[in-house]
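Here the structure is laid out as structure tokens; the discussion comes afterwards.
The values are calculated or read from the model by the stated rules, or taken from the named source; none is laboratory data. Model, not experiment: these values are computed from the prediction. Don't worry about glycine lacking a Cβ; one is built from the backbone with ideal geometry, like all the others, and counts go over all protein chains shown.
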Amino acid sequence: MTEQAWPTDTVPVVSILCITYNHEKFISECLDGFLMQKTTFPVEVLIHDDASTDATADIIREYEGQFPHIIKPIYQTENQYSKGVKPNPTFNIPRAKGKYIAICEGDDYWTDPLKLQKQVDFLEANPDFSICFHKVKILKDGQLIDDYITKVPRFESTLLDLVAGNYIHTLSCVCKNRGFEVLGSNFRYSPIGDYYFHCMNAQYGKIYYINETMAVYRAHDQSVWSNKSYLYRQQKTQEARKVILKDLSKDHADAINVLAKCHINTAYFLYRDYREEFSLEDLIITDFPAYTLQLASLLFDSYSEIKAKESELKEIKERQHSLSFVLKRLVLIVKMKLSNLKRTVRENVRHYFISNRS
């Protein structure tokens, strides 16, 4: 890519979106992964540095100085993420000129120099596909390991598969650039922007998986997702599902039904296993518009089922409490009998020695 000499006004085919924050240990490997790409088309790298407090911005400036026609950064002086601003849709997508978008955060990196070429070639040859992604490795504790985070259903999938659970690593994704057309009115409320973005894109076409490792996802202490607890991830996934449900087109009724069922099932299990953390109403989609009577019925029936399970759990706890009370009584009785037995034994022993003396 670095050796290509496109005219200044050439429109890029791919816009790479990269957000960084305190990635000084990783950003060089990330940018090198971009620059090593061998393509037959022009590429731009749109970076948003969110007011890093380390040397990240300085490193980016060095690359910008060497490759100003490729590296196009924005350097914030105040952190935007802490204000609730989402950098990619706010700062990077509006300036993306490419027909396609690729995404990779500053702490991850690409390993295959033909990654972009392979994905763009596929999408160009198959216009009925909206997303192309691929296999990744996980770098954890200094070791490269197989992906344990996602489970890909098959090589070709659809929105119907994706709403059941996200299996796309964002650093592996190339999709068609639809600008703000793909973003619904509630995007800013989604705590998992990647999953929302993939689902909205999948409304326009199928999803293809390339079974080749072409990138590395870095799981480390600073990761905004992989280092979080299971409960935290489930909570945020539930919040994201609510937002996706609101913004999915009504044309995708089947996907809406599947997503609603997933939301309801997860709500039940969270309420069952972590009920001290939630009220039931926090988990149910109380403001979800009923697109169909069938879906409204589904939500009502599921809510009723959870309420029934709540009563059942309460009854079980009461029985457990009763059993616990009985067991405590038994233990107390046994202790008393043991105490009486010890007293009797001591008295018999004392009586025996007194009798023998006389």
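Structural remarks
- No other residue among TYR167, TYR204 is under 21 Å from LYS236 (Cα atoms) and either among the basic types (Lys, Arg) or not assigned by TED's automatic domain parsing to the domain that holds VAL258 (or both) apart from TYR167.
- Comparison of LEU270, LEU245, LEU231 shows that the only residue that is part of a helix (DSSP H, G or I) and at pLDDT 85 or above is LEU245.
- For VAL136, the criteria (1) in a strand (DSSP E or B); (2) of a type in the set (Val, Ile, Thr); (3) within 23 Å of PRO191 (Cβ to Cβ); (4) out of contact with any helix residue (DSSP H, G or I) (no Cβ under 6 Å at 6 or more places or on another chain) hold in every case but one, which is (4).
- Residue in the stretch 116-128 that is in contact with a Phe, Trp or Tyr (Cβ under 8 Å, 6 or more places away or on another chain) and either in a strand (DSSP E or B) or free of Cβ contacts under 8 Å to residues at least 12 places away in the same chain (or both) present: no
- Out of LYS228, LYS140, LYS176, LYS242, one residue alone is without any contact (Cβ under 8 Å) to a residue 40 or more places away in the chain and not aliphatic (A, V, I, L, M). It is LYS228.
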